[in-house]
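Undergrad: Handing you a structure now.
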Amino acid sequence: MYLCELDSTVVEVNNQAIETLGLAKANIVGTKLSCFSKRYAVSEFEELFLSISDTEVSTFEDMQNNTETGTFPIEARGIQISLNNQKYILILARDITVRKEAEQQIFELAFFDTLTGLANRRLFIDRLASSLELHHANASSGAVLYMDLDRFKTINDSLGHGIGDKLLCAIALRLTEILPTEATCARFGGDEFVVLLPEAGESDSICAETAAHIAKKIIEHMGTPFHIDGHLLYCTISVGIAVFPASDYSAKDILRHADTALYRVKALGRNDFQFYDPEMKSSAQERLQIEKGLHQALDKQEFELWFQPQFSAEGSILGAEVLLRWHHPERGVIFPDEFIQVAEESGQIVEIGQWVLEQSLKQLAKWKLQGLPEGFHRLAINISPLQFMQVDFVERLLALLQTTQLPGHMIELEITENMLLNNFDIASSKMSLLKQRGISFAIDDFGTGYSSLRYLRYLPLDILKIDRSFVTALSPSSEEAAIVEVIIATADRLDLVVIAEGVETAEERDTLLALGCHCFQGYLYSKPVPASQLYELLAKELHAI
Ligand code: C2E
Ligand code: CA
Ligand code: CA
């Protein structure tokens, strides 16, 4: 409490004020109140005090400031009082540090991403909206870069959220290091990062040039692996770019455009950037259309199974992989890369997967009746994680074996590493049950998940499929050769068969052979073909014997 004259000279203080200021009373009384204020000068206090009435309390905020106790925020309430016919101002001040901190925290929660400290969606849209107005006014251009990490889910699922979070923070840091200071970088939750580049050029084309340069820089910088908790994490990024202002689009429109461009990058193979082009259909629209179409696809019998044969080193057919094709009434053939993910997210994969199983087994039973060559061992069927995790998956598959009268050893299920790591116990007990009936298991896309090798030892696995990415352009001197060699050595130790997928050239095959892989699948041998064509190939072998 301070009692001051109208010119802000302190005439009396209470003990709390003495304690708070950490000064002797003699050093407080007689000085101007502005000595302890960071915001108000002597003249300003005089002006303020003149405005304080004797009927109503005035409130103002200040920063208490003195050499003894440092600076902290206060809230002061003042009123004019009369003592012995003399007018004074009575000030009651209190420390509001805690409240200010809470306010700051609320502000940060409202506008910043708590994990990375970057802007959040709300702040970003705010800034983009005001920046749009500015760009309209001064006829310059800016750009929005919408980014998404490729395969972040794999890292998060296999190594855990703790590591996933640390990786996101490390990425946020790397982004802020390379972006120009005027850029706003935000995280929209998950692994989506968005950058606003204001005033990046006087024209759209100059702006596009700048944006492309920055996108390249970002992609390049993500190329260096991240060291996190003893893991070396490789992370690539895809970038969609929208330049603004193009006509009268709102901030949300521009974001959607950048997101659409991003979706296109993903569809074209990731780790790259693309500019929005009005021809692109929005990703949400596209996904929704696929989801709608899938609803009818089963009823209208638009699905078809194709088969890709697998070969031994001697060139005979060992088996075949079932690959789904969708004959869309308007769009023609759609490949699974375009719809499996959507079906997985919407849950439709459960029904579709069951259909694939049924049809595959029926087809195999038919072929078995017609006669199969001796070397043909089994049919490999892709099983999505959601499908495998259904409580009745085992039961249904065993029932199908029963109705088709097929021995389990003619069926191979292709599953992915990530599924095993997420649900190790459930997956392993289901696998054991099926294994007892002779069904074998292959790990698909082996080497692309961030997995520990632990499960290889504890699960009833039979086959490792070396991912196509290691096989493409494989030559004895390529870096991939070393990886493939390790995969094959691991498989040998664990008594697993290795098969290479995506074998396109004789050089790839020869390198694989030299490294010890004896089973092949790929365009070099045969593309996926309809059932009748596969049987023609099989019949040829049958008759050759
Ligand atoms: P995947 O299991 O890795 O299947 C191999 C993919 O590689 C197939 O693509 C195949 O056509 C392609 N391929 C085979 N040989 C070569 C080659 O030499 N070069 C190149 N560039 N590609 C080759 P497809 O049929 O488009 O299938 C894509 C993915 O969709 C599959 O990858 C699989 O994960 C998924 N999928 C396909 N059918 C089913 C299914 O019935 N159920 C489930 N859950 N997933 C499926
Ligand atoms: Ca597969
Ligand atoms: Ca594969």
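Undergrad: Let me check against my output: what whole-number percent is the relative contact order of region 78-222, with C-alpha pairs under 8 Å and at least 6 apart?
TA: 26 percent
Undergrad: Using unit Cβ charges (K, R positive; D, E negative) and no other charged atoms, how large, in debye to the nearest 20, is the dipole of region 199-250 about its Cα centre?
TA: Here region 199-250 has a charge dipole of around 260 debye.
Undergrad: Here is a follow-up. Hey, what angle do you get for helix 283-297 against the long axis of the chain, alpha-carbon based, 0 to 90 degrees rounded to 10?
TA: Taking the Cα atoms of the chain, the angle to 283-297 is about 40 degrees.
Undergrad: Under a point spin-label approximation (7 Å from Cα along Cα-to-Cβ), what is the GLU374-HIS409 distance to one decimal in nm?
TA: Modelled inter-label distance: 1.4 nm.
Undergrad: Can you grab the distance from the C-alpha centre of region 494-545 to the C-alpha centre of region 404-441, Å, no decimals?
TA: Region 494-545 and region 404-441 have Cα centres spaced 23 Å from each other.
Undergrad: Does anyone have the angle between helix 161-178 and the longest principal axis of the chain? Alpha-carbon axes, 0 to 90°, nearest 10?
TA: Around 70 degrees separate the two axes.
Undergrad: Under 21 Å from the Cα of LYS527, which lysines turn up, not counting those fewer than eight places away in the same chain?
TA: Straight-distance partners of LYS527: LYS465, LYS540.
Undergrad: Now, a different point. By a straight-distance test (C-alpha under 20 Å), which lysines pair with LYS300 as possible cross-link partners, with residues fewer than eight away in the same chain excluded?
TA: Output for LYS300: LYS292, LYS362.
Undergrad: For region 112-278, what number of Lys pairs, 8 or more residues apart or on separate chains, have alpha-carbon atoms under 20 Å from each other?
TA: For region 112-278, qualifying lysine pairs total 4.
Undergrad: Taking 22 Å as R0, compute the FRET efficiency from the Cβ-Cβ separation of THR224 and LYS153 and round it to 0.05.
TA: 0.55
Undergrad: Using 1/(1 + (r/R0)^6) with R0 = 56 angstrom and r between the beta carbons of SER58 and LEU173, what's the FRET efficiency to the nearest 0.05?
TA: 0.75
Undergrad: I would also like to ask the following. What is the distance, in nm, between label points placed 7 Å from the Cα along the Cα-to-Cβ direction at GLU46 and at THR114?
TA: Distance between the two pseudo-spin positions: 5.0 nm.
Undergrad: Right, next: Run down the lysines and flag those whose C-alpha is under 27 Å from the C-alpha of LYS25, throwing out any fewer than 8 positions away in its chain.
TA: Here the lysines satisfying the reach criterion relative to LYS25 are LYS38, LYS87.
A short reminder: the numbers here are calculations on the coordinates, not readings from a lab. Bear in mind the structure is a predicted one, so any value in this text is a computation, not a measurement. In this analysis, Cβ positions are derived from the backbone assuming ideal geometry, glycine residues included, and neighbour counts consider all displayed protein chains.
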